[in-house]
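K.L.:
Before we start, here is the structure in question, set down as structure tokens.
The values are calculated or read from the model by the stated rules, or taken from the named source; none is laboratory data. Since this is a predicted model, take the numbers as computed values, not measurements. Cβ coordinates were reconstructed from backbone atoms using ideal geometry, including for glycine residues, and neighbour counts include every protein chain displayed. Please note that ligands, DNA and RNA were not included when accessible areas were found on the heavy atoms of the full protein model with its side chains. Shrake-Rupley method; radii C 1.70, N 1.55, O 1.52, S 1.80 Å.
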Amino acid sequence: MNSEKIPQCNPLASYARLKLEIDGAISAVLSRGVYILGEEAAKFEEEFAAYHGGGHAVGVANGTDALELSLRALGISPGSHVFTVSHTAVATVAAIEKAGAVPVLVDIDPASFTMCPCSLEAAVASHAHIGGAVIVVHLYGQPAPYLQEIMEIAARHGLRVMEDCSQAHGAEWRGTKVGTFGDVAAFSLYPTKNLGALGDGGICLTNDESLAGKIRGLREYGWKQRYVSDFAGGNSRLDELQAAILRIKLRHLDRENDSRRKLAGIYSTGIQSPFIQKPHENPDGRHVYHQFVVRSQKRDLLREYLANDQIGTLIHYPVPIHQQPAYKGRVAVSPAGMKATEEAALEILSLPMYPEMPESFAERVVAALNAWKECSL
Ligand SMILES: *Cc1c(COP(=O)(O)O)cnc(C)c1O
């Protein structure tokens, strides 16, 4: 077959569409002569907070740092437990350990691929947790439907709540944007995310002014006054070029999320195969489809079949964190087991999804999926 290749994601397409605006902004920053934490970063923080209906935003170097600095700012003391899912980017767990805390991994609800409150409850019951936290991940762009239940469990046990919104910029739960429910939220601004820079970037969002102040200090050596450290911090800053690019991207975020939803609609209506399970969209949420993830019991064969048809796919994520070499046997898991997580890892497949993807590509993917006969392979 010699049909055009369909990439799984395509950050270049987003740049190409906004090239004039972005090139202009880059050139303005270059000429201004301030390259770190200047007016672009300050304005991006203001605009990002305003997009979420208020609060305080603090730009940092990447999403992993946004998680780590948020944990540190919450005062999560070394050795205390932080509960999160095993079905997430490894960054979520890496950040917990970087902050000196101890991760405890819990299972997912298979319908939404997000944290299962029962599994959390079991994990919390079996671990000492004074001064700990829970990190809820809005995976694939879907607001975690049990966030309210999880916040109640956290409140009962004196745990703080963080949201990892790295895949869910602009997603809403009952009309309210994710990132505004917990004590603090962390967002990655990596190029392929729904809101992506052209390099690394991250941002924290909170309604708590003093928490925001603490994160602001932590990202730059604990300075209140330049060159004088009030407390020990490090270096995790958002640069002016990325901030200027992100200000432009933020203005296009809702439109780009609408495009993702439209493509997801083509997939959802079009895919009619008994061998492929489509994602479940909770009617109370506005899913922003960072990924459109299907399931198949013959996932690896399906992936190969699509690749032969010039259709790119990815697996987010192929190995649960508690089974990865760096964490296996060392990191604690919920006593309720990790069945849903382990099953998902074997069956999930992320279809091509990026805002500029032509609808004809989505239709080609649908046709290929519907023509697939798993038993004939
Ligand atoms: C991308 C991502 C991160 C890490 O962000 P970086 O900017 O790459 O450090 C953290 N959590 C989740 C869920 C992510 O998808």
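K.L.:
First select every other residue whose beta carbon is under 12 angstrom from the beta carbon of Pro358; then total the charges, Lys and Arg +1, Asp and Glu -1.
P.N.:
-2
K.L.:
Turning to a different aspect of this structure: Once you list every other residue whose beta carbon is under 15 Å from the beta carbon of Ala111, what net charge do they have if Lys and Arg are +1 and Asp and Glu are -1?
P.N.:
Every neighbour counted, the sum reads -4.
K.L.:
Could you tell me the accessible area of Ser360 in Å² (1.4 Å probe, neighbours in place), rounded to the nearest ten?
P.N.:
Accessible area of Ser360: about 70 Å².
K.L.:
With the calculation restricted to Cα positions, what are the radius of gyration and Dmax of the stretch 148-244 in angstrom?
P.N.:
Calculated on Cα positions, Rg and Dmax stand at 15.4, 45 Å.
K.L.:
Given a 1.4 Å probe and heavy atoms of the protein chains only, how would you sort Arg216, Arg251, Arg286, largest accessible area at the top?
P.N.:
Largest accessible area first, the residues go Arg251, Arg216, Arg286.
K.L.:
Please sort 344-354, 165-175 by packing, taking for each peptide the average over its residues of neighbouring beta carbons within 10 angstrom, highest first.
P.N.:
Answer by packing, highest mean first, reads 165-175, 344-354.
K.L.:
Another question about this same structure. So what's the back-of-envelope 222 nm ellipticity for the chain, counting only DSSP H runs of four-plus at -39500 (n - 2.57) apiece and dividing by all residues, rounded to 500?
P.N.:
Helices in the chain give a 222 nm mean residue ellipticity of -12000 deg cm²/dmol.
K.L.:
Counting only the heavy atoms of the protein chains, how much of Glu97 is accessible to a 1.4 Å probe, in Å² to the nearest 10?
P.N.:
Estimated to the nearest 10 Å², Glu97 gives 60 Å².
K.L.:
With contacts defined as alpha carbon pairs under 8 Å and 6 or more residues apart, what's the relative contact order of the stretch 76-122 in percent?
P.N.:
39
K.L.:
Using label points projected 7 Å from each Cα along Cα→Cβ, tell me how many nm separate Ala13 and Gln324, to one decimal.
P.N.:
2.7
K.L.:
What does the extension gain come out to for Ser210 and Arg156, with contour length at 0.36 nm per residue minus their alpha carbon separation?
P.N.:
17.1 nm
K.L.:
Describe numerically, in nm with one decimal, the distance between label points set 7 Å from Cα along Cα→Cβ at Gln277 and at Leu30.
P.N.:
5.1
K.L.:
Separate question: At a Cα cut-off below 13 Å, give the aspartates and glutamates reachable from Lys262, other chains included and same-chain residues fewer than 8 away excluded.
P.N.:
Hits, sequence-local ones excluded: Asp254, Glu356, Glu359, Glu363.
K.L.:
Another question, if that's okay. Just to verify a number: FRET efficiency for Glu47 and Glu363, C-beta to C-beta distance, R0 = 45 Å, to 0.05?
P.N.:
After rounding, the FRET efficiency stands at 0.80.
K.L.:
Can you give me the three principal axis dimensions of the chain from its C-alpha atoms, in Å, biggest first?
P.N.:
68, 56, 38
K.L.:
Follow-up question, since we're still on this one. Give me the 1.4 Å probe accessible area per residue for the chain, excluding ligands and nucleic acids, in Å².
P.N.:
Solvent-accessible surface per residue comes out at 41 Å².
K.L.:
Where the convex hull is taken over the Cα atoms of the stretch 211-337, what is its projected area averaged over directions, in nm²?
P.N.:
14.2
K.L.:
Given a 1.4 Å probe and the protein chains all in place, what does the accessible area of Lys193 round to, in Å² to the nearest 10?
P.N.:
40
K.L.:
Let me ask something additional. How much of the accessible area of the chain, in percent, comes from carbon and sulfur atoms when a 1.4 Å probe is used?
P.N.:
About 53 percent, which is the carbon plus sulfur part of the accessible surface.
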